[in-house]
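Nothing in this text is a laboratory measurement; each read-out follows from the coordinates by a stated rule. Remember, it's a predicted structure, so these values are computed and weren't measured experimentally. As a convention, Cβ positions derive from the backbone with ideal geometry for all residues, glycine included, and neighbour counts pool all protein chains shown.
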Amino acid sequence: MTVQQLITARTNDDGVAIKHGSCRWTWRQHLDEAAATAAALHGMLDRANPAHVGVLMGNTPQMLTQMAAAALGGHVLCGINTTRRGDSLVDDVRRADCQVLVVDTEHRRLLADVDTTGIEVIDVSSQHWTNLLSAASALEPLRIADDSDTFMLVFTSGTSGNPKAVEVSHFMVQLAGESLAGRFGITAADTCYLSMPLFHSMALVAGWGVALASGAAMAPAAFTASNFLADVRRYGATYMNYVGKPLAYVLSTAERADDADNPLRVAFGNEASDRDILEFSRRFGVEVWDGFGSTENAVIVTREPGTPPNSIGKGFDGVAVFKSETGTECPAALFGPDGQLLNGDEAIGELVNTDGPGMFKGYYNDSAATSDRMRGGMYWSGDLAYRDADGWIYLAGRTADWLRVDGENIAAMPIERILLRNSCISRVAVYAVPDEHVGDAVMVAILPHPDHTLSPAEFERFLAAQQDLSPKAWPLWVRINTELPMTATYKILKRELIRQGISADNGTLWSRAVRSSTYTEVTT
């Protein structure tokens, strides 16, 4: 089954497809507009070159129309990250071989000072676009898609390097959408709240794909913590997807007695902490399902009943933890009486798919990066993890999150999980800065909850009470901020923190002496 087949089957559906503000569109109306959009775009494409159309747009009905147009028309949609700027943004458009770049008014200004020579830029709010739509003939698809064909190019988040364009197949969108709709009982009577960036894979397969498979209505929105609950109630949203830290953002708002009075039934996503999953479920009366899956869709891990605290669940067939240096599987993790990981050097390795690429088709125009992912016939995810004797998997960060402290390898994510036990802390990032002698020093960036404060003495007492925190994992440097650099998918941008070095970036900086546990504020 292809996305093209799924969406074509809805062309005569008079159920509600889109809710936006006070406006409503049926699937029939939505897809009539999408067909005209595809026909107009095809008139601008050179058939001798890749039929790639870029979209630089927010979560709006126009963005949904572009997605539906690609499905109906058979061209490849290229999602351009709206947080990219300048030459980096245009480089993404060119690497994706976009002949046409569709923009909305909000994002058109991002192209004001860059060279777009050779790229047809279309503003959907312009009279020129209105004229093209009016003049468009009946749609004749460029191709009848096969399930292995690329539906969309989705750029990776770029947390540890330049983003790469992942080829997402028709089959992947269809499979994920139908699977999730079936798991959560999503039907045409539901409404999917789409507030994650639609140029990213999570929103594509776990948001749009679910609505497409079930016939549910879609409520596109730009995510804000303050508007979240009002939007859910306004649109009658029963299902949402998330990636990164949105649950933490929402939980940082003031709790009200009627928070659970809302229609939302299910929140599905990845990378939420155990604390945030439990608290979001309690506060809003929602079933939260958190799993793990990369943009490349090659390594998939799901939670199931009995998943231990801090674990992300068990992997699909072929998922294992290997040492990249030796190409051998890591031994099972061993834990001390207080839950501390005893054999991190041995047990922590890279999450792999030993069966091959899974649903990963490759990176577009980047054979070297594709080959690097597929070393030895296995898919190497770039995510650090360890697995216990019962097969439960625990994340340890990205491969760039290894810290070499006093001759010992330490992973960032286990430290972050411990720090999040502190009720004053909303979000946290642990990363390496240069040690003055050799190796790395541990630095942490903290965002407190808005209504909480954290003093150096309180932080020291908290760390001392964590029996599973190695003394080497105590941060040497601590920065307290009200904001931290983020990706478009709400992940903390550690490479930017590393670039900033030992600073607070207009926040507060603490430090401790190497052999001391006492933190003091540093004047910067």
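Assorted remarks:
- Cβ-based charge dipole, the chain, positive-most Cα from GLN467, VAL3, PHE280: PHE280
- Percent of beta bridges antiparallel (DSSP, the chain, rounded to nearest 5): 60 percent
- Straight-distance candidates among the aspartates and glutamates for linking to LYS314, with alpha-carbon spacing under 19 Å and chain neighbours fewer than 8 residues away dropped: GLU271, ASP274, ASP290, GLU296, GLU304, GLU329, GLU350, ASP355, ASP383, ASP388, ASP390.
- Efficiency of FRET between ASP261 and ALA112 - r from beta-carbon atoms, R0 41 angstrom, step 0.05: 0.35
- The chain - percent relative contact order, Cα under 8 Å, separation 6 or more: 10 percent
- The alpha-carbon of LYS245 sits under 16 angstrom from the alpha-carbons of these lysines, leaving out residues fewer than 8 places away in its chain: LYS491, LYS494.
- Remark: segment 9-18, residue by residue, has Karplus-estimated 3J(HN,Hα) of 5, 9, 5, 10, 8, 9, x, 6, 9, 9 Hz, where x stands for each Gly or Pro and the curve is 6.51 cos²θ - 1.76 cosθ + 1.60 at θ = phi - 60°.
- Under the combined filter of DSSP loop state and at most 12 neighbouring Cβ atoms within 10 Å, segment 236-278 retains these trypsin sites (Lys or Arg not before Pro): ARG256.
- Residue order, fewest to most surrounding Cβ atoms within 10 angstrom, among MET413, MET196: MET413, MET196
- Put a plus charge on the Cβ of each Lys and Arg, a minus charge on the Cβ of each Asp and Glu, and nothing anywhere else: the dipole of segment 69-204 about its Cα centre is then about 280 debye.
- Bridge orientation summary for segment 406-522: considering DSSP beta bridges with both residues in this region, about 80 percent are antiparallel.
- Cross-link reach list, lysines versus LYS361, counting only Cα pairs under 20 Å and skipping chain neighbours closer than eight places: LYS164
- For segment 406-522: rounded, prolate or oblate by the Cα gyration tensor [a/c cutoff 1.5]: rounded
- Per-residue [θ]222 nm for the chain (sum of -39500 (n - 2.57) over DSSP H runs n ≥ 4, rounded to 500): -7500 deg cm²/dmol
- Three-way shape label, segment 1-49, alpha-carbon gyration tensor, a/c 1.5: oblate
- Working from label points 7 Å from Cα in the Cα-to-Cβ sense, the MET44 to ARG495 distance is 3.0 nm.
- Total formal charge among the other residues, if their Cβ is under 11 angstrom from that of ALA35, Lys/Arg +1 and Asp/Glu -1: -2
- Extension reserve of the GLU458-LEU278 stretch, reckoned as 0.36 nm per residue once the Cα distance is removed: 62.3 nm
- Only Lys, Arg (+1) and Asp, Glu (-1) charged, at Cβ; segment 212-371 dipole about Cα centre in debye: 620 debye
- Förster radius 22 Å - calculated FRET efficiency between GLN5 and LEU133, Cβ distance, rounded to 0.05: 0.30
- Around the Cα centre of the chain, unit charges on the Cβ atoms of Lys, Arg, Asp and Glu (plus for the first two, minus for the last two) sum to a dipole of about 560 debye.
- Under 15 Å, Cβ to Cβ, from GLN4 - net charge with Lys/Arg +1 and Asp/Glu -1: -3
- Local electrostatic count, PHE459, Cβ distance below 15 Å [Lys/Arg +1, Asp/Glu -1]: 0
- Positive dipole terminus of the chain, leading residue within SER371, THR60, ILE425 (C-beta point charges): THR60
- Net length gained if the chain between ALA400 and ASP468 were fully extended (0.36 nm per residue, minus Cα distance): 22.2 nm
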